[in-house]
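For reference, the structure is listed below as structure tokens.
Laboratory data are not the source of any read-out in this text; all were calculated from the coordinates shown. Since the structure is predicted, the reported quantities are computational estimates derived from the model, not experimental observations. Glycine gets a Cβ as well: all are built from the backbone with ideal geometry, and neighbour counts include every protein chain shown.
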Amino acid sequence: ETGVTQSPTHLIKTRGQQVTLRCSSQSGHNTVSWYQQALGQGPQFIFQYYREEENGRGNFPPRFSGLQFPNYSSELNVNALELDDSALYLCASSDQGGNTEAFFGQGTRLTVV
Amino acid sequence: QQQVKQSPQSLIVQKGGISIINCAYENTAFDYFPWYQQFPGKGPALLIAIRPDVSEKKEGRFTISFNKSAKQFSLHIMDSQPGDSATYFCAASSTGTASKLTFGTGTRLQVTL
């Protein structure tokens, strides 16, 4: 176990709705990265948060947004959900502004219907 | 643009055999190459990682071989066991951004008795 916890584990939403996913980083880690993993694919980098600010972003639209809190936990928000947003959303914890190994949580399975 | 290509897509190996998974990258700025193991319903778990200053790294039954000139790296699992049956992902990132990973598409390994 990595010590990275995500909630909820499963979620079903309707197209057009908004969703918030949560992540608690491993103790001592100050950086959180979010990934989207479609079925049968590798994880795709969404963005990273360090010191409560976005520290890099992948090729995802602005309706994907995030927050990091002073205790280093993080939220991923997705607005105007689309069917293609159905995926496993992974949170990864690391240290030194993201310059160390990434340790993943178990993920949140989001289904958009 | 897929920056990390992984093969094969699936692999069946007998117990005790050697499993070999290959990856190739395009971005010459990549200098950190981890391998992750993922079981169904779980997040990826870091197995082993290498930086280009060495050509091989071994940890237990797992070995990474790295060829900088060919921009290729591979994972060898010696004495494969049924418990190794999982999906394996190679990944890559650049200096200072070890946790902003570009993943391959994954290899589903099945180790038979």
Say a paramagnetic label sat at a point 7 Å from the Cα of A:Thr100, along Cα to Cβ; which residues of region A:1-29 have their backbone N under 18 Å from it? A:1-5, A:24-29
Given pairs B:Lys15/B:Lys57; B:Lys15/B:Lys42; B:Lys15/B:Lys100; A:Lys13/B:Lys71 and cut-off 31 Å on Cα-Cα distance, the over-length ones are B:Lys15/B:Lys100; A:Lys13/B:Lys71
Expected vector for region A:101-109, Karplus 3J(HN,Hα) from phi with 6.51, -1.76, 1.60 and θ = phi - 60°, integer Hz, x for Gly and Pro, equals 4, 9, 10, 9, x, 7, x, 10, 8
Tell me, what is the percent relative contact order of chain B, built from C-alpha pairs under 8 Å that lie six or more residues apart? 37
Within region B:15-44, which residues have the backbone N less than 18 Å from the label spot 7 Å out from B:Thr112 along Cα→beta-carbon, could you tell me? B:15-20
For A:Ser24, B:Ser65, what's the fewest-to-most ordering of other Cβ within 10 Å of each Cβ? B:Ser65, A:Ser24
Starting from the amide H of A:Gly42, placed 1.01 Å from N in the peptide plane, find each other amide H under 5 Å away whose residue is 5 or more places distant or on another chain. none
Along region B:69-86, Karplus-curve 3J(HN,Hα) (6.51, -1.76, 1.60; θ = phi - 60°) to the nearest Hz, with x for Gly and Pro, reads 5, 8, 6, 9, 8, 9, 10, 10, 10, 7, 6, 4, 10, x, x, 7, 4, 5
Just how large is the dipole of region A:2-113 about the Cα centre, in debye to the nearest 20, putting +1 at every Lys and Arg Cβ and -1 at every Asp and Glu Cβ? 280
Neighbouring partner chain Cβ atoms per residue of A:41-49, average, 10 Å criterion: 5
